[in-house]
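Here's the structure, in structure tokens; my notes come after.
The values are calculated or read from the model by the stated rules, or taken from the named source; none is laboratory data. Since this is a predicted model, take the numbers as computed values, not measurements. Positions of Cβ are generated from backbone atoms using ideal geometry, with glycine treated the same way; all protein chains shown enter the neighbour counts. Each accessible area value is taken on the protein alone, full model and side chains, heavy atoms only, with ligands, DNA and RNA left out. Shrake-Rupley method; radii C 1.70, N 1.55, O 1.52, S 1.80 Å.
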Amino acid sequence: MGMGIDIRNKLAKRAAEEIQHGMLVNLGIGIPSLVPNHLSKEVTVMFQAENGITGMGPSPIKGEEDENLCNAGGFPVTLTTGGSYCDSAAAFAMIRKGRVDLTILGSLEVSEKGDLANWIVPGKKVPGMGGAMELAQKAKKVIVLMNHCDKNGNPKIVKECKLPLTSSRCVDLIITELAVFKVTDKGLLLTELFPPCNITEVIEKTGCEFDVSEKLRHINY
């Protein structure tokens, strides 16, 4: 089941909290593309896209879209002061060189060890993994935004991924509509909940064991 726009924006707003002043941030398609709409005005960053934009701003006002300015998913974006364009080869060179401080991606599965599987959809034709493999390996921090369960109610946070991996042991933080997990050397740590969700519900809908932080936060926005 897909998320409503209010829930998608909650996830994007939580992810925006991880962005620090001066970062170069890459955003995946889907929910991650909403993150610039929730960035504090006190934080100055450059959002980068594999199609060759560095300096993406919030989504444009309806009717003021620029047909030549879009993100990697093809959706219209704006450009911040100081933003620039390049070809995709240069954009990927930034990624491969390790210049990206943070990437925010969607996923189909994440394991308790931080393995990422986000490019193949069983039974459907897909164009390939795109830049996800390189981003997952080279970005300094990887955040995943996704549904807690798939459309059939199966957990997407699992002990071992069943789908082909994009990259192993690369995810640092998982944000779903229910909760936030940190990936640690000892496994997953539940650090935050989105009310009205409770720990019991998270346990029931998670396909692996996890620890609970002593300073569990309830996100109220």
Separation in nanometres of the label points that stand 7 Å from Cα toward Cβ, at THR44 and THR191: 2.7 nm
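Just subtract the alpha-carbon distance of SER88 and ASN51 from 0.36 nm times their residue separation and send over the number in nm, one decimal.
Numbers: separation 37, 0.36 × 37 = 13.32 nm, distance 0.49 nm.
So the chain would gain 12.8 nm between SER88 and ASN51.
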Heavy-atom accessible surface of the chain: percent carbon and sulfur, 1.4 Å: 51 percent
Under 5 Å, built H, 5+ apart or other chain: amide partners of THR184: LEU189
Cα long-axis angle, helix 5-16 against the chain (0 to 90 degrees, to the nearest 10): 80 degrees
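Pairs of alpha-carbon atoms within less than 8 angstrom and 6+ residues apart define the contacts here; what relative contact order does the chain have, in percent?
Details: 477 pairs, mean separation 38.1, N = 221.
It comes to 17 percent, rounded to a whole number.
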Accessible area in square angstrom per residue, the chain, 1.4 angstrom probe: 53 Å²
Restraint check, LYS62/LYS151; LYS13/LYS140; LYS41/LYS215, Cα-Cα greater than 25 Å: LYS62/LYS151; LYS41/LYS215
Total charge dipole magnitude, region 121-221, about the Cα centre, Cβ charges on Lys, Arg, Asp, Glu only, Debye to nearest 20: 420 debye
Theoretical gain in end-to-end length, THR81 to ILE7 [0.36 nm per residue, Cα-Cα removed]: 23.7 nm
Gyration tensor verdict on region 8-120 (Cα atoms; rounded if a/c is under 1.5, prolate if a/b is larger than b/c, oblate otherwise): rounded
Whether region 1-57 is rounded, prolate or oblate, judged on the alpha carbon gyration tensor where a/c under 1.5 counts as rounded: oblate
Placed amide H near GLU50: partners under 5 Å, 5+ positions off or other chain: ALA72
Within straight-line cross-link reach of LYS97, aspartates and glutamates at Cα separation under 17 Å, skipping those fewer than 8 residues along the same chain: GLU50, ASP87, GLU134
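Applying a 10 Å radius around every beta-carbon, put 61-68, 24-31 in order of their mean neighbour count, most first.
Working: 61-68: 8.4, 24-31: 23.1.
So the order, starting with the most tightly packed, is 24-31, 61-68.
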Farthest toward positive dipole pole in the chain [+1 Lys/Arg, -1 Asp/Glu at C-beta], among MET94, HIS218, LEU193: MET94
Inter-site label distance for ASN198 and GLU65 at 7 Å from Cα along Cβ, in nm: 4.4 nm
About the Cα centre, charge dipole magnitude for region 1-127 (Lys/Arg +1, Asp/Glu -1 at Cβ), debye: 220 debye
Selection from MET56, VAL142, SER40, by position along the positive dipole direction of the chain (Cβ): VAL142
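What do you get for Rg/Rh over the chain if you use C-alpha atoms and the Kirkwood form of Rh? Don't skip to the answer; put the middle values down first.
Working: Rg = 16.9 Å, Rh = 17.8 Å.
Ratio of gyration radius to Kirkwood radius for the chain: 0.95.
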Phi-based couplings in Hz for region 24-29 (Karplus 6.51, -1.76, 1.60; Gly and Pro marked x): 9, 10, 9, 10, x, 7
